[in-house]
Each structure stands twice: as C-alpha cells, then as structure tokens.
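Engineer: Got a structure here, written out as structure tokens. Questions coming.
The values are calculated or read from the model by the stated rules, or taken from the named source; none is laboratory data. What you see is a predicted model; the values in this text were computed from it and never measured. Glycine gets a Cβ as well: all are built from the backbone with ideal geometry, and neighbour counts include every protein chain shown. The protein model used for the area step is the full one, side chains on, heavy atoms only, and it has no ligands, DNA or RNA in it. Shrake-Rupley method; radii C 1.70, N 1.55, O 1.52, S 1.80 Å.
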Amino acid sequence: RHKIIVVRYNDCDDSFKSINIGRMVAEFVRSKQGEERIPFQTKDYITKILNENIVADDVLKQYICLKNIGILFEKELGLDPTSIITNFSRNTVVILPWSGEIRNKTLFLNTAESNYSIKFEQTNAIII
C-alpha cells in the first residue's frame with residue numbers, strides 16, 4: 001500500500017527532516033544546460049536523491065519529507081509528480097508539506113483553478 005501523508009506546510013516546519021527537492025532539481029537542471037536528454041537524466045537524479053535521503057524513524061520506520069515540489073510540474077522536464085510520489089511511497093512513507101489548496105485527495109499546486117495537481121484518489125493517502 002502507498003504511504004503518503006500530506007500536512008499543512010506551516011505545521012511541518014521542524015517536525016521532520018526534509019529535503020528541498022525543488023532547489024536540488026533546479027540546480028541539477030541548471031548544471032545540465034545544453035546537454036541532451038535532460039528529462040531522462042532528471043528522472044534518474046530524482047530517484048537517486050529520494051533513495052539517498054530516506055530518514056530512519058522509530059515510529060514511521062523510514063520516511064522522506066519533500067518540500068518545494070513545484071518543479072516536478074515543469075512541462076519541459078516531462079515528469080509525472082503523481083507517479084513519482086506514489087511509486088516511491090510503496091516502500092517509504094512520503095510526507096508532503098502542502099501550501100496549496102486540497103480538495104478530497106487532490107492537491108492543487110496553488111488553487112483549484114491551477115492546471116497543476118496531484119491526485120491521490122487511488123491511494124490510502126492521509127491528509128492532515
């Protein structure tokens with residue numbers, strides 16, 4: 001089963017060790033400017049940083065807390081944020097501090113009118 005916990009952004013300040021995936025991916029993409037196959041390289045890089053930043057925890061066993069995931073929606077990168085998160089959450093708890101709008105199990109990057117959303121309807125995601 002998927003292990004996804006969505007918390008209000010301000011409720012997660014120091015509760016969990018987190019990674020700023022947006023900053024990390026932006027720096028990676030910037031370093032690859034002019035190269036070919038950046039989307040493929042970026043997907044591999046994301047998998048690598050997710051695996052390298054798992055935190056051991058007595059209660060959750062292992063988790064990763066991902067902040068600033070907006071870059072995952074960049075069309076030029078051709079990524080699928082929903083599948084990245086749900087696939088990784090099969091073995092590791094994924095905590096998402098979220099500042100955008102939430103309706104049912106759909107997370108909107110900003111508001112419900114946004115074209116960018118993550119749908120967790122087919123998962124057992126917990127929205128806190």
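Engineer: Only one residue in ILE54, ILE128 is closer than 20 Å to HIS2 by Cβ and modelled with pLDDT of 95 or more. Which one?
Structural biologist: Criteria check complete, one pass: ILE54.
Engineer: Of the numbered conditions (1) touching a residue at least 24 places away in the same chain (Cβ under 8 Å); (2) in contact with a Leu (Cβ under 9 Å, 6 or more places away or on another chain); (3) open to solvent by 60 Å² or more (accessible area, probe 1.4 Å), ILE126 satisfies every one except a single condition; which is it?
Structural biologist: Result: ILE126 fails condition (2) only.
Engineer: Kindly indicate which of THR111, THR86, THR82 is of a type in the set (Val, Ile, Thr), in contact with a His (Cβ under 9 Å, 6 or more places away or on another chain) and closer than 30 Å to ARG30 by Cβ.
Structural biologist: Going through THR111, THR86, THR82 in turn, just one is of a type in the set (Val, Ile, Thr), in contact with a His (Cβ under 9 Å, 6 or more places away or on another chain) and closer than 30 Å to ARG30 by Cβ: THR86.
Engineer: In the stretch 34-73, which residues are open to solvent by 50 Å² or more (accessible area, probe 1.4 Å) and basic (Lys, Arg)?
Structural biologist: Answer for the stretch 34-73, where residues must be open to solvent by 50 Å² or more (accessible area, probe 1.4 Å) and basic (Lys, Arg): ARG37, LYS43, LYS48, LYS61.
Engineer: A follow-up question, please. How many residues does the stretch 101-122 contain that are surrounded by fewer than 17 Cβ atoms within 10 Å (Cβ to Cβ) and part of a loop (DSSP other than H, G, I, E, B)?
Structural biologist: Counting residues in the stretch 101-122 that are surrounded by fewer than 17 Cβ atoms within 10 Å (Cβ to Cβ) and part of a loop (DSSP other than H, G, I, E, B) gives 11.
Engineer: Let me ask you something else. Name every residue in the stretch 1-53 that is free of Cβ contacts under 8 Å to residues at least 24 places away in the same chain, basic (Lys, Arg) and not in a helix (DSSP H, G or I), in order of residue number.
Structural biologist: Listed by number, the residues that qualify are LYS32, ARG37.
Engineer: For the stretch 74-95, enumerate the residues that are in a helix (DSSP H, G or I), open to solvent by 20 Å² or more (accessible area, probe 1.4 Å) and under 20 Å from ASN110 (Cα atoms).
Structural biologist: Answer for the stretch 74-95, where residues must be in a helix (DSSP H, G or I), open to solvent by 20 Å² or more (accessible area, probe 1.4 Å) and under 20 Å from ASN110 (Cα atoms): LYS75, GLU76, THR82, SER83, ILE84.
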